[in-house]
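The values are calculated or read from the model by the stated rules, or taken from the named source; none is laboratory data. If you're wondering where the values come from, they're calculated on a predicted model, not measured in any experiment. Cβ atoms come from the backbone with ideal geometry, glycine included; neighbour counts cover every protein chain shown.
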Amino acid sequence: MPQFVMWKELTAEDLRAKAAANAIVVLPVASMEQHGPHLPVGVDTILCEGVCKAGAEMVAVDVPVVVAPTLWCGMAEHHMAFGGTFTFDIPTYRAVLLAFLKSLERHGFKRVFIVNGHGGNIAALNSFLPDFARETSLKLRAATYFELAASDLAPVLEDQKTVHHACEVETSMMMVLAPSLVKPDRLPEAYGGVAASNAPGGWYAVPARFRSFKEFTPSGVNGDARRASRQKGEKLLAICVEGLAATLRDAKLWN
Ligand SMILES: [Zn+2]
């Protein structure tokens, strides 16, 4: 029997049954933003939803779970200069997420796992957690999918240790999940950026400042997509899916 885990494919009756079974709601949150010359703007949404679906299907026999529709817009001001990008501001993002959580709460769900697929959302999501804990009765957890198994990703990679942007990792995974959307003829240009993130001008420099991607990577790529391959993508996706599945199986997460 296939496990049906995708909210958008279920009936309202199915979803009432999921709530009655105390299902974990996986809420994927991603972005719609430039990803260099070789990848579509939907990368974070495609990859995050793909990992959430596969991870939920992996555990669904033992763990009641449902994957809510992916929030395709996030915090992407740093990509706006390239075009092709949508962004929220902080009050709007907070309001949209809170509306989603309140909807889940009203339907009787009790456990929500926000699974993020976009680096630019991390700071916002962490800052929302105290507010959401106060303003809902939900047990709420949040993680970025590629951080759930971060140490396992590094050995697969040649050019980087973790996920950057439109890079070796994201390009490799897109070669598996949506190969027809990767433009091989643009790969030779698909590299740039990569200052150490805590170096002057890096993301986490002290003192901090906002910086558009355009200032440190004219291509829009942070990393080197020329190192990408389908074979790496299969390994990276398997690691990310297993990382999410292991977290969903961990009953202590909800203590
Ligand atoms: Zn991305």
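From the list N126, N121, the one residue that fits, being surrounded by fewer than 16 Cβ atoms within 10 Å (Cβ to Cβ), assigned to a helix (DSSP H, G or I) and out of contact with any His (no Cβ under 8 Å at 6 or more places or on another chain), is N126. Of all residues in region 67-99, those satisfying the criterion of being under 16 Å from S212 (Cβ atoms) and hydrophobic (A, V, I, L, M, F, W, C) are M75, A76, M80, A81, F82, F86. Out of A133, A154, A166, A150, one residue alone is farther than 23 Å from A56 by Cβ and within 16 Å of the ligand (Cβ to nearest atom). It is A166.
Could you please let me know if P184 is under 10 Å from H38 (Cβ atoms), more than 16 Å from the ligand (Cβ to nearest atom), modelled with pLDDT of 90 or more and of a type outside the set (G, A, S)? Against the criterion (under 10 Å from H38 (Cβ atoms), more than 16 Å from the ligand (Cβ to nearest atom), modelled with pLDDT of 90 or more and of a type outside the set (G, A, S)), P184 qualifies.
Taking the criterion of being part of a helix (DSSP H, G or I), exposed (fewer than 15 other Cβ atoms within 10 Å of the Cβ) and either among the β-branched types (V, I, T) or touching a residue at least 24 places away in the same chain (Cβ under 8 Å) (or both), the only residue of region 97-118 that qualifies is K102. Scanning region 93-122 for residues that are within 16 Å of the ligand (Cβ to nearest atom) and small (G, A, S) yields G117, G119, G120. Is it fair to say V194 is among the aliphatic types (A, V, I, L, M), closer than 22 Å to L125 by Cα, within 16 Å of the ligand (Cβ to nearest atom) and not in a helix (DSSP H, G or I)? For V194, the condition - among the aliphatic types (A, V, I, L, M), closer than 22 Å to L125 by Cα, within 16 Å of the ligand (Cβ to nearest atom) and not in a helix (DSSP H, G or I) - is not met. Contact map, region 221-243: residues that are farther than 14 Å from G36 by Cα and touching a residue at least 24 places away in the same chain (Cβ under 8 Å) paired with residues that are among the aromatic types (F, W, Y) and part of a helix (DSSP H, G or I), Cβ distance under 7 Å, separation 6+ or inter-chain. Pairs shown: C240/Y145; C240/F146. So is A143 more than 16 Å from the chain's Cα centre (by Cα) and farther than 17 Å from G223 by Cβ or not? No: the conditions fail for A143. Being assigned to a loop (DSSP other than H, G, I, E, B) and within 15 Å of the ligand (Cβ to nearest atom) is a property that holds for T85. K139 falls short on exactly one of the conditions (1) more than 16 Å from the ligand (Cβ to nearest atom); (2) under 30 Å from L104 (Cβ atoms); (3) in contact with a Leu (Cβ under 8 Å, 6 or more places away or on another chain); (4) not β-branched (V, I, T), and that condition is (3).
Matching residues to (1) within 16 Å of the ligand (Cβ to nearest atom); (2) part of a strand (DSSP E or B); (3) surrounded by 18 or more Cβ atoms within 10 Å (Cβ to Cβ); (4) among the aromatic types (F, W, Y):
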position	(1), (2), (3), (4)
Q3	no, no, no, no
L27	no, yes, yes, no
E33	yes, no, yes, no
I46	yes, no, yes, no
M58	no, no, yes, no
